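See structure below.
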Amino acid sequence: MISVLSATSGAAVLGAAALSGRWLLHQREELGRPRPFPRISVALLAVLGIALAVPVVRRHHEEDRLSRVASRLVGHRVKVHCQSLGQALTDVGSELGYVKYGEDGVPEQQTTIKRDPCGELRKYYGGNRHRPTTDEIIAVHVLTHESMHMRGLVQEDMAECAAVQRDEETAEMLGATPGEAAMLARLYWGTVYPDMPEGYTTPDCRPGGALDEHLVTSPWVRA
Ligand SMILES: [Zn+2]
């Protein structure tokens, strides 16, 4: 859908340019009278081209921002894709994001985050950080979780536990104050993590447990 949008936008702008160009080459009619500039057609095509380009540009801008955050979490450059409207319409999966694995089992250095959580992330870094909704908290965590997969943690419970210990860092990179970021991490750990399906949680993920990385950003440090 976005590629259709980009193509249509490009076609509209090209159309406006072509009409203008044709007018420049044929400014007079056969009898020598000046030919009026097709300003309505050109203006309509230009407005259409720009209007169609807005969501494309906005999504690229969001993806760049999220990619910078994920790259810091992973430790090298990775790419975050936000699912487009067209992809969302044909999507039947229930997961909020995913990282594909190559045939060798090595995670790709890119992730796709579904359209809804990408929208929630936008709301979060757009300013709703002092009272985040559950959907926003989960969306921030999805970004951390998928980054942990790209970091090489294949197992869900391990990626999940590494992520809960870094959600505070993610929230801060999305513009939260230290207090807001710590609150988000604690809310995920306290209210979402305990209800995660089997396979995502492990008793080793606790203060002093085998998966405790003793990070200052762990949600249990100040709990
Ligand atoms: Zn996962």
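Rule-based calculations on the coordinates, nothing more; no lab input. The structure displayed is predicted, hence computed values, not measured ones. Neighbour counts are summed over all protein chains in view; Cβ atoms, including those assigned to glycine, are modelled from backbone coordinates with ideal geometry.
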Relative to the chain, whose Cα atoms define the longest principal axis, helix 178-187 and its Cα axis are tilted in degrees, nearest 10, by 70 degrees
Rounded to the nearest 10, the angle in degrees between the Cα long axis of helix 134-150 and the longest principal axis of the Cα atoms of the chain comes to 80 degrees
The answer for the net charge of residues other than residue 78 whose Cβ lies under 11 angstrom from its Cβ, with Lys and Arg +1 and Asp and Glu -1, is +3
Net charge (Lys, Arg +1; Asp, Glu -1) of residues whose beta-carbon lies under 13 Å from that of residue 27, residue 27 excluded, is +2
A chain fully extended from residue 6 to residue 215 at 0.36 nm per residue, minus the present Cα-Cα distance, gains in nm 70.9 nm
For the stretch 93-223, shape from the Cα gyration tensor axes a ≥ b ≥ c, cut at a/c of 1.5 then a/b versus b/c, turns out oblate
Relative to the chain, whose Cα atoms define the longest principal axis, helix 39-74 and its Cα axis are tilted in degrees, nearest 10, by 20 degrees
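What shape does the stretch 1-96 take by its C-alpha gyration tensor, where a ≥ b ≥ c are the square roots of the eigenvalues and a/c under 1.5 counts as rounded, a/b above b/c as prolate, and the rest as oblate?
Numbers: a/c = 5.10, a/b = 2.82, b/c = 1.81.
Prolate is the answer for the stretch 1-96, as a/c is 1.5 or above and a/b outweighs b/c.
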Of all GluC sites (Glu not before Pro) in the stretch 146-223, the ones in DSSP coil with at most 15 other Cβ atoms within 10 Å are 213
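Packing-wise, with mean Cβ within 10 Å as the measure, how do 118-126, 44-52 rank, highest first?
118-126, 44-52
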The computed P(r) of the stretch 1-51 puts the percent of Cα pairs beyond 19 Å at 35 percent
To the nearest 20 debye, the chain has a Cα-centred charge dipole, built from +1 on Lys and Arg Cβ and -1 on Asp and Glu Cβ, of 1600 debye
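So what's the convex hull volume per residue for the Cα atoms of the chain, in Å³? Working shown, then result.
Values: hull volume 35.8 nm³, N = 223.
Cα convex hull per residue, to the nearest whole number: 160 Å³.
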Across 5 Å bins beginning at 0, the whole-percent shares of Cα-Cα pair distances in the stretch 83-167 come to 3, 15, 22, 22, 20, 12, 4, 1, 0
Here, residue 155 and residue 123, labelled 7 Å along Cα→Cβ, have an inter-label distance in nm of 3.5 nm
